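I have placed the structure first, in the form of structure tokens, so that the comments after it can refer back to it.
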Amino acid sequence: MTGAYETEKQPFVVMAKPVGSRCNMRCSYCYYLDKGKYSSHEKQTCMSYHLLERLIRQTIEGSPGPVASFVWHGGEPTLAGLDFFQKAVALEKKYLPKGWQAWNNLQTNGLLLNKSWCRFLKENHFDVGLSVDGSEAVHDRHRRDLGGSPTYQRVKKAALEMKAAGVEPDLLCTVNSATVKAPEEVFEALKELPSTWIQFIPIVVRLPDGSFAPESVTPEEYGEFLCRIFDLWVKNDLGRVDVQLFAETARILAGGEASLCWMSPTCGRALIVEEDGGVYSCDHFVDEEHRLGNLSGAKLRELADSPFQTAFGQQKASGLTAQCKKCPWYRFCGGGCPKDRFSLSREGEEGQYYLCEGLEKFFSHSVPVLERIMELSRSGMTPEKIMKAL
């Protein structure tokens, strides 16, 4: 068996969509709800156990080890039911070689989480990303259920259920037209939930006519929001709360590589597997052009390494504008996510990252401070003393 797991294999991540784009919420800024139109099924249901087994076996066989990575996403993946995930874990154990382990990450809106779910997540060491947009008033502006009712209190209850079970979720907060206007309120509300890790995800929804949906954030707003959150964090929360973008920036400053695809020089190593077995290039490129194949007739390893997918990932670097190539902050942002590269550069070239101006503002504001924090930390100062020193 060992010969089937060559160490020269490059790792990839599978983002599995067990119920496709089906969801029990109707967030006004969601980009995924209409992706069911690309399914080979007339109506999206749930991934069959046959496809689930192929997904898990092929991911493990194609991974260099000793970790095989699975991200369970949607839509809302918990609609597949607890039995589905119990089956997934059993299949992982069946196919994992001795000494290997599976890393599972569940991205959820939390509405279906209960004691049984939380116990399962704890017992099987799932990382959990819980979507919540800050305070109740701000969250409920855009995150409603199918009947139009608010969802914040149910999400908060899910967070507390997880805490009681010993699960600490990552908090996924979008930067949209509502949250961007209330950075202090949003940040303080997030810190009241049982978590020490926060991700801020910008919402950019471009309409067919080139305009933007009202939920979208502008580059200027995005930059100002990040700077204000950063200042609050530096003043009060070093060593207590981690913010993903700040941690990634510090990692790069320290000589490491970004772990976030949109900040990396290249991408393309996170394949999407839909409920019908369809495999796509990226979560933001689920369409006919980027359909790589189907689990029923192709192997994930081959699709991940296919010429089309390789070119897709390399385009992130080869398609840079002149502005990006000479920008002092390029090493931090990697040119931004390809899905939002539609603005004009200062030289008039097409393909500039839409949120570039906001990131420039953030990096120029935060990097000198992060360098100082890292210097003080190396000298042996505690986070409490660093905050006082700053």
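Okay, here's what the table says:
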| item | result |
| --- | --- |
| Selection count where residues are touching a Ser or Thr at 6+ places or on another chain (Cβ under 6 Å) and in a strand (DSSP E or B), scope segment 319-378 | 2 |
| Criterion violated by residue 118 - all others in (1) surrounded by fewer than 20 Cβ atoms within 10 Å (Cβ to Cβ); (2) more than 20 Å from the chain's Cα centre (by Cα) satisfied | (1) |
| Criterion violated by residue 300 - all others in (1) open to solvent by less than 30 Å² (accessible area, probe 1.4 Å); (2) touching a Cys at 6+ places or on another chain (Cβ under 9 Å) satisfied | (2) |
| Only listed residue being among the hydroxyl-bearing types (Ser, Thr, Tyr), free of Cβ contacts under 8 Å to residues at least 24 places away in the same chain and closer than 30 Å to residue 76 by Cα, chosen from 306, 343, 318, 296 | 306 |
| Residues (polar (S, T, N, Q) and either open to solvent by 10 Å² or more (accessible area, probe 1.4 Å) or in contact (Cβ under 8 Å) with a residue 60 or more places away in the chain (or both)) located in segment 168-182 | 174, 176, 177 |
| Members of segment 276-300 that are at pLDDT 95 or above and charged (D, E, K, R) | 276, 283, 287, 288, 289, 291 |
| Cross-chain or 6+ apart pairs with Cβ under 9 Å, segment 73-84 first and acidic (Asp, Glu), then open to solvent by less than 20 Å² (accessible area, probe 1.4 Å) and modelled with pLDDT of 95 or more | 76/19; 76/25; 76/108; 76/109 |
| Residue within segment 323-336 that is on the phi < 0 side of the Ramachandran plot, of a type outside the set (A, V, I, L, M, F, W, C) and either buried (at least 21 other Cβ atoms within 10 Å of the Cβ) or touching a Cys at 6+ places or on another chain (Cβ under 6 Å) (or both) present | yes |
| Residue ID - modelled with the highest pLDDT, chosen from residues in segment 248-275 that are surrounded by fewer than 22 Cβ atoms within 10 Å (Cβ to Cβ) and of a type in the set (Asp, Glu) | 248 |
| Complete set of residues in segment 183-215 that are farther than 19 Å from residue 341 by Cα and in contact (Cβ under 8 Å) with a residue 60 or more places away in the chain | 193, 195, 199 |
| For residue 289: the one exception among (1) more than 20 Å from residue 13 (Cα to Cα); (2) without any contact (Cβ under 8 Å) to a residue 12 or more places away in the chain; (3) part of a loop (DSSP other than H, G, I, E, B) | (3) |
| Residues satisfying the stated conditions in segment 143-156, i.e. buried (at least 19 other Cβ atoms within 10 Å of the Cβ) and either on the phi > 0 side of the Ramachandran plot or touching a strand residue (DSSP E or B) at 6+ places or on another chain (Cβ under 8 Å) (or both) | 143, 151, 155 |
| Extreme residue, modelled with the lowest pLDDT, among residues of segment 1-17 that are surrounded by 10 or more Cβ atoms within 10 Å (Cβ to Cβ) and in a loop (DSSP other than H, G, I, E, B) | 5 |
| Residue within segment 58-68 that is under 26 Å from residue 143 (Cα atoms) and out of contact with any Ser or Thr (no Cβ under 6 Å at 6 or more places or on another chain) present | no |
| Considering residues of segment 21-36 that are outside any helix (DSSP H, G or I) and out of contact with any strand residue (DSSP E or B) (no Cβ under 9 Å at 6 or more places or on another chain) only, the residue surrounded by the fewest Cβ atoms within 10 Å (Cβ to Cβ) | 31 |
| Candidates 184, 168, 220, filtered to the one that is among the acidic types (Asp, Glu) and in contact with an Asp or Glu (Cβ under 8 Å, 6 or more places away or on another chain) | 220 |
| First in segment 245-269 and more than 18 Å from residue 338 (Cα to Cα), second anywhere and among the basic types (Lys, Arg), Cβ under 9 Å, 6 or more apart | 252/331; 257/251 |
| Out of 355, 359, sole residue that is touching a Cys at 6+ places or on another chain (Cβ under 8 Å), touching a residue at least 12 places away in the same chain (Cβ under 8 Å) and within 30 Å of residue 235 (Cβ to Cβ) | 359 |
| Number of positions in segment 37-46 that are surrounded by 14 or more Cβ atoms within 10 Å (Cβ to Cβ), under 20 Å from residue 297 (Cα atoms) and out of contact with any helix residue (DSSP H, G or I) (no Cβ under 7 Å at 6 or more places or on another chain) | 1 |
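The values are calculated or read from the model by the stated rules, or taken from the named source; none is laboratory data. What you are looking at is a predicted structure, and each value in this text was computed from that prediction instead of being measured. Every residue, glycine among them, receives a Cβ derived from its backbone with ideal geometry; neighbour counts consider all protein chains shown. What goes into the accessible areas is simple: the full protein's heavy atoms, side chains included, and nothing from ligands, DNA or RNA. Shrake-Rupley method; radii C 1.70, N 1.55, O 1.52, S 1.80 Å.
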